[in-house]
Amino acid sequence: KQEVTQIPAALSVPEGENLVLNCSFTDSAIYNLQWFRQDPGKGLTSLLLIQSSQREQTSGRLNASLDKSSGRSTLYIAASQPGDSATYLCAVIPYSGAGSYQLTFGKGTKLSVIP
Amino acid sequence: DGGITQSPKYLFRKEGQNVTLSCEQNLNHDAMYWYRQDPGQGLRLIYYSQIVNDFQKGDIAEGYSVSREKKESFPLTVTSAQKNPTAFYLCASSIDGRYGYTFGSGTRLTVV
């Protein structure tokens, strides 16, 4: 069964710092990997979707990479801002011979950016 | 704008009551999902549906029921058999489950 791990569970950085969030998964047979952001008491906001054939995706100050063979993804946030404070979730969509698909989530990294 | 609408935002349930959480999408997505989120436990899949009139149990389906009579709608009923229903419930959809997922803003259910 696919398992997704995110390290660290929590991270506190000063404003302006560049940072990396890590995600690892146990089975490399995936369709896609998606990074989400969740603010307290809110739903999930999609940040980046990396298809299995891609190596990375960029959106503004965010860059996500995918190394399927090693089962790893990283989310790079440049020039962090207090507004980036949130929980970041990584999720993969495993291959399914049964034709049913679902996200498997990590438990998230809680990021605090200190002004 | 296309998206997913969950209602109500807050819901209170008395012991022994069934309650229904609404999830509506106008993204023309085939696949819809219900997740439960508890502090420190991450998101857990309750039920999912890849096509109208068909749905499958997820990891924690006991005490819950769903229906999928229309493509746009996937309501979740929390029955009295669910002994610990207090949680944050999230609905999601995807074109066919293999590509990007869109989430609603959630419903917080509390037992009183």
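The values are calculated or read from the model by the stated rules, or taken from the named source; none is laboratory data. This is a predicted model, so every value here is computed, not measured. Glycine also receives a Cβ, built like all others from the backbone with ideal geometry; neighbour counts cover every protein chain displayed. Ligands, DNA and RNA are stripped out before the accessible areas are found, and what is left, the full protein with its side chains, is counted by its heavy atoms. Shrake-Rupley method; radii C 1.70, N 1.55, O 1.52, S 1.80 Å.
Quick notes
- Largest to smallest principal axis extent of the C-alpha atoms in chain B, angstrom: 36, 26, 25
- The stretch B:30-112: GluC sites (Glu not before Pro) falling in loop per DSSP and having at most 13 other Cβ within 10 Å: B:62, B:69
- Based on Cα contacts under 8 Å between residues 6+ apart, chain A shows a relative contact order of 37 percent.
- Protein heavy-atom surface of the protein assembly as shown, 1.4 angstrom probe: 48% of the accessible area is carbon and sulfur, with nucleic acids and ligands not counted.
- Whole-Hz ³J(HN,Hα) from phi, Karplus 6.51 cos²θ - 1.76 cosθ + 1.60, for the stretch A:69-76, glycine and proline x: 5, 9, x, 9, 9, 10, 10, 9
- Among A:84, B:96, B:30, the sequence by solvent-accessible area, most first, with a 1.4 Å probe is B:30, B:96, A:84.
- Cysteines in the protein assembly as shown that, by Cβ-Cβ distance, have no pairing candidate under 4.7 Å: none
- In the stretch A:79-115, burial by the other protein chains removes 40 Å² or more of accessible area from A:101, A:102, A:103, A:105, A:107, compared with the chain on its own (1.4 Å probe, ligands and nucleic acids ignored).
- Of the trypsin sites (Lys or Arg not before Pro) found in the stretch B:1-37, those in coil by DSSP whose Cβ has at most 11 other Cβ atoms within 10 Å are B:9, B:14.
- Percent RCO, i.e. relative contact order, over chain B, from Cα pairs under 8 Å lying at least 6 residues apart: 35 percent
- When the alpha carbon gyration tensor of the stretch A:40-115 is reduced to an equivalent ellipsoid, its three semi-axes come out at 25, 16, 10 angstrom, largest first.
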